[in-house]
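Below is one structure, written out as structure tokens; the observations come after it.
The values are calculated or read from the model by the stated rules, or taken from the named source; none is laboratory data. The model shown is predicted, which means the values in this text are computed figures rather than measured ones. No Cβ is skipped: glycine too gets one built from the backbone with ideal geometry, and neighbour counts run over all protein chains shown.
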Amino acid sequence: MIHDWSPAPDLLSGRVILLTGAGGGIGRPLAETLAAHGAELILLDRSIPALEAVDDAITEAGHVRPALYPMDFAGAKEADYLTLAETLEKEFGRLDGLVHNAALQATLRPLIHTDTAHWMHLLQVNLTAPFLLTRSLMGLLARSESASVVAVSDEVAVHPRAYWNAYAVSKSGLETLTRIFAEETEANTPIRFNILDPGIVRTPMRKLAFPAEDASRLRPPDDPELMRAFLWLLSDESRPYTGRRWTLDALSSPAD
């Protein structure tokens, strides 16, 4: 699908995009990539220093300065999401893209040894937060001529494995949530919802799960094919598609 496709420098010019988990992992290079292609960004992360570092990198590169919105999904209440929506309404008036990238992982462990607080914490950040955020922003997304919502997922969402615990359950739930939103909005809104499984990427979450792994063999967070996949999904190039689950390998295959 994106094999041999080269995104134009102004591919996302004029598009307002909210990216969660923008301070690290895949989020930081994705923020810089979206800004480099003209997007007007709202960057959300729990870490203010991380947000400020991304802001510095984007502005030093000469791109449009992003709006920073510190928010910790672990403790956020419904009112916090409504406040965010009201703020974006005043500042931007619409939303053309939303990337659910923020997530938590923990060391692998059996379900029987999982305490309730750990379970609730991961589901709150990885599943409940995307639901509340999407619901609060639906009005702004509907004002776009072509809004794209991308949920970042994982192989364990569709092929669950032992010890992946609440993380796998939350990612499976996120995919179901995304597909339901896609079906409920396909006929009567300009919003599309898609899932992207980037595969194994060299991130802090991956290191937490596999601390002894040789990380040098893994795809880096700023991998060009991974960045192109996000650009394709967030641009009008993917406008005909909604409710689909995409893997990076399939998107990058010449067979597509």
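Residues considered: Glu52, Glu32. Of these, the only one that is within 16 Å of the chain's Cα centre (by Cα) and either basic (Lys, Arg) or in a helix (DSSP H, G or I) (or both) is Glu32. Just one of the listed residues (Leu19, Leu95, Leu12) is outside any loop (DSSP other than H, G, I, E, B) and either of a type in the set (A, V, I, L, M) or modelled with pLDDT under 95 (or both), and it is Leu19.
Only one entry of Ala102, Ala166 meets the criterion of being touching a residue at least 40 places away in the same chain (Cβ under 8 Å), part of a helix (DSSP H, G or I) and of a type outside the set (Lys, Arg), and that entry is Ala166.
For Ser172, the test of being in contact with a helix residue (DSSP H, G or I) (Cβ under 8 Å, 6 or more places away or on another chain), among the small types (Gly, Ala, Ser), modelled with pLDDT of 95 or more and in a helix (DSSP H, G or I) is passed. Residues that are without any contact (Cβ under 8 Å) to a residue 24 or more places away in the chain, more than 17 Å from Gly173 (Cβ to Cβ) and assigned to a loop (DSSP other than H, G, I, E, B) occur in segment 108-127; there is at least one. When segment 215-238 is filtered for residues that are farther than 13 Å from Pro29 by Cα, charged (D, E, K, R) and at pLDDT 95 or above, the ones remaining, listed by number, are Asp236, Glu237.
The single condition from (1) under 19 Å from the mean Cα position of the chain (by Cα); (2) surrounded by fewer than 18 Cβ atoms within 10 Å (Cβ to Cβ); (3) at pLDDT 95 or above; (4) of a type outside the set (D, E, K, R) that Gly199 fails is (3). Considering only residues in segment 136-163 that are polar (S, T, N, Q) and not in a helix (DSSP H, G or I), the one that is surrounded by the most Cβ atoms within 10 Å (Cβ to Cβ) turns out to be Ser148.
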